[in-house]
Amino acid sequence: MITPMRVFVLIFNARTENEGIHTIREGDRNKILMFESEDDATRFALMLEAQDFPAPTPEPIDAEEIKEFCESAGYEWEIIPENSNLVVTPPELNVEQTDWQADAKKEDTVEDTFPLNQQPLEEPELSDSELEKMRRKLEGLL
């Protein structure tokens with residue numbers, strides 16, 4: 001099989017400092033899909049969006065460049081031929097945190113968890129027995 005010179009890959013945050021390439025996880029390996037057809041790449045991108053992914057952009061790139069990148073990063077690659085019978089659908093499960101997200105290294109703090117105008121809930125001032133009495137009274141009203 002002869003590799004086409006130009007293929008389409010899916011890029012998140014294309015042409016920014018925070019761009020990332022879409023991969024599919026197979027076991028402990030990542031695989032980059034290289035689409036021969038821009039239409040097929042666009043269709044796959046729309047399926048990712050339907051699964052609440054950020055919107056990826058199909059970008060044309062030289063196939064040899066992607067293969068070299070895959071070899072250097074330890075990734076697999078697969079060419080998706082144009083008008084093939086091969087149906088490519090996104091996996092059911094997606095990773096929770098991607099490597100390309102800007103806040104991937106950010107740790108949660110109280111400030112991150114609550115909006116600026118809202119303070120964390122304080123401990124209740126009532127004892128457990130008082131809360132239990134109130135609960136029974138409220139249940140009695142129902």
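The values are calculated or read from the model by the stated rules, or taken from the named source; none is laboratory data. Nothing here was measured: the structure is a model prediction, and the numbers come from that model. Heads up, the Cβs are rebuilt from the backbone with ideal geometry, glycines too, and the neighbour counts pull from every protein chain shown. The area values use the complete protein model at the heavy-atom level, side chains included, leaving out ligands, DNA and RNA. Shrake-Rupley method; radii C 1.70, N 1.55, O 1.52, S 1.80 Å.
Residues of the range 26-41 that are in contact with a strand residue (DSSP E or B) (Cβ under 8 Å, 6 or more places away or on another chain) and within 21 Å of residue 72 (Cα to Cα): 26, 29, 30, 31, 32, 33, 34, 35. Filtering the range 15-37 to residues that are within 14 Å of residue 58 (Cα to Cα) and not acidic (Asp, Glu) leaves 15, 20, 21, 22, 23, 32, 33, 34, 35, 37. The strands (runs of 3 or more DSSP E) found wholly in the range 1-60 and carrying at least 1 residues that are among the aromatic types (Phe, Trp, Tyr) and within 22 Å of residue 71 (Cβ to Cβ) occupy 6-12, 29-35. For the range 26-50, the tally of residues that are closer than 20 Å to residue 5 by Cβ and surrounded by 20 or more Cβ atoms within 10 Å (Cβ to Cβ) stands at 6. From the list 98, 89, the one residue that fits, being open to solvent by less than 50 Å² (accessible area, probe 1.4 Å), at pLDDT below 75 and among the β-branched types (Val, Ile, Thr), is 98. Residues in the range 1-25 that are open to solvent by 30 Å² or more (accessible area, probe 1.4 Å), under 15 Å from the mean Cα position of the chain (by Cα) and under 16 Å from residue 78 (Cβ atoms): 21, 23, 25.
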